[in-house]
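Please read the structure below before turning to the comments.
We did not get these values from a lab; they are worked out from the coordinates using the rules stated. Fair warning: this is a prediction, and the values are worked out from it, not measured in the lab. Ideal geometry is used to build each Cβ from the backbone, glycine not excepted, and the neighbour counts take in all protein chains shown.
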Amino acid sequence: MSLHRLASITIGVPSPEPVRSFYRDFGLAETEPGRFESADGGEQLRIEAAPRRRLLALAIGVEDADDLGRVAAALAKLGVAAERSERVLEAAEPITGVRVRLAIEPRLAQKPPPPLAHNAPGRTQRTDARSPAVLAGASARPRRLSHVVIASPDAPASKRFFTEGIGFRVSDEVPAIGASFMRCSTDHHNLLVQPGPVTFLHHTAWEMDDLDAVGRAAAAMIGADATRHIWGLGRHGVGSNYFWYLRDPAGNFAEYSADLDVIVDDEAWKVAASSGAHPLAAWGPPVPRSFLAPDDIAALARGAE
Ligand SMILES: [Fe+2]
């Protein structure tokens, strides 16, 4: 695949200060005011002032100039204007206004965490020793940006821009919520566009080492401020990842994620359309209403008029 990485995102919020403080607690390193690095992914989050909370921009890593040429041609076919230089192509998604920047950059190589010995019925991997999971320190840092979910008042048109224009591939669909899970890397999903009355950022997700890291990091966030908790711990039915969602002071959700499905062979992966009452979670607490429809949607919609 020519697109190989969701490199970074820029979020706009009315009051950046408390939001920046939240993402420092979340485990990202603030290198300059409003600029954050993950442990492995370099600078992956910017927080800027904006009238309403929303995703302002996302950046994607591509292989070479041919990829930029292909995307430029595809966008032209859709009637979307793009700016092109030797190593970069930029275009705005017409419905949500999200600025998309494609840049030629190397693939990200990550070092795996040390293997954790697990005991299970009939399988003993760890004897005469406590699990390192209980001995680990309190900190568990996000390794890298995993995915971002936005709402669009015309989700099919936004999806067309990202698939037919930019070159995202669809991994799975959830017709019940009108959502397509799309990837620009081997991750099961890097982007999801869902229908909404107004454009807003639903959540960002950050890759953690494993289930313990998800639990440890979320517990620390909630220990400091219990009102941050939204939904978790659980395991998604689509993408298979463990999840725990928190809410930042602007109302954006931030997800700790681990063990997401990885797609390296497009032919081997079968796109599925999920059905059933709760396609979102294989297990976990009931989905809170405020997760499906954030409490500030009406206010956001009024502000957009
Ligand atoms: Fe997610």
Efficiency of FRET from Cβ geometry, residue 229 and residue 130, R₀ 22 Å, rounded to 0.05: 0.20
The stretch 207-228-the stretch 57-92 distance, computed between alpha-carbon centres (Å): 37 Å
Given charges at Cβ of Lys, Arg, Asp, Glu: the stretch 47-91 dipole, positive-most of 71, 55, 81: 55
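Among DSSP beta bridges whose residues both lie in the stretch 105-195, state the antiparallel percentage, nearest 5.
65 percent
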Lys, Arg +1 and Asp, Glu -1 on Cβ, resulting dipole of the stretch 171-266 about Cα centre, debye, nearest 20: 480 debye
Only Lys, Arg (+1) and Asp, Glu (-1) charged, at Cβ; the chain dipole about Cα centre in debye: 420 debye
Farthest toward positive dipole pole in the stretch 144-198 [+1 Lys/Arg, -1 Asp/Glu at C-beta], among 184, 155, 198: 184
Sites residue 65 and residue 108 - FRET efficiency at Förster radius 30 Å, r taken between beta-carbons, to 0.05: 0.90
Rounded, prolate or oblate (a/c below 1.5 giving rounded, otherwise prolate when a/b exceeds b/c) for the stretch 1-147 by Cα gyration tensor: oblate
Degrees separating the helix 211-224 axis from the principal Cα axis of the chain, which is the longest one: 90 degrees
Under Karplus coefficients 6.51, -1.76 and 1.60, residue-wise ³J(HN,Hα) of the stretch 87-104 in Hz, glycine/proline x: 10, 9, 10, 10, 8, 9, 5, x, 7, 8, x, 5, 7, 10, 10, 9, 9, 6
Tilt relative to the chain, helix 65-78 - C-alpha long axis, 0 to 90 degrees, to 10: 60 degrees
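So what's the convex hull volume per residue for the Cα atoms of the stretch 161-291, in Å³? Please report the intermediate quantities before stating the final value.
On the way: hull volume 15.5 nm³, N = 131.
Convex hull of Cα atoms, per residue: 119 Å³.
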Beta bridges per DSSP with both ends in the stretch 144-302, % antiparallel, nearest 5: 70 percent
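Work out the length of the dipole vector of the stretch 21-144 about its Cα centre, built from +1 on the beta-carbon of each Lys and Arg and -1 on the beta-carbon of each Asp and Glu, and round it to the nearest 20 debye.
540 debye
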Ranked packing of 34-45, 203-214, most packed first, by mean Cβ within 10 Å: 203-214, 34-45
Distance between the stretch 1-52 and the stretch 115-157 - C-alpha centres, whole angstrom: 21 Å
DSSP beta bridges in the stretch 1-106 [antiparallel fraction, %, rounded to 5]: 70 percent
Distance (nanometres) between label positions extended 7 Å along Cα→Cβ at residue 24 and residue 85: 3.2 nm
Prolate/oblate/rounded label for the stretch 133-181 (Cα gyration tensor, a/c 1.5): prolate
In degrees, nearest ten, helix 16-26 long axis to first principal axis of the chain (Cα): 40 degrees
Rule-of-thumb Rg ratio for the chain [Cα; 2.2 N^0.38 Å; N residues]: 0.99
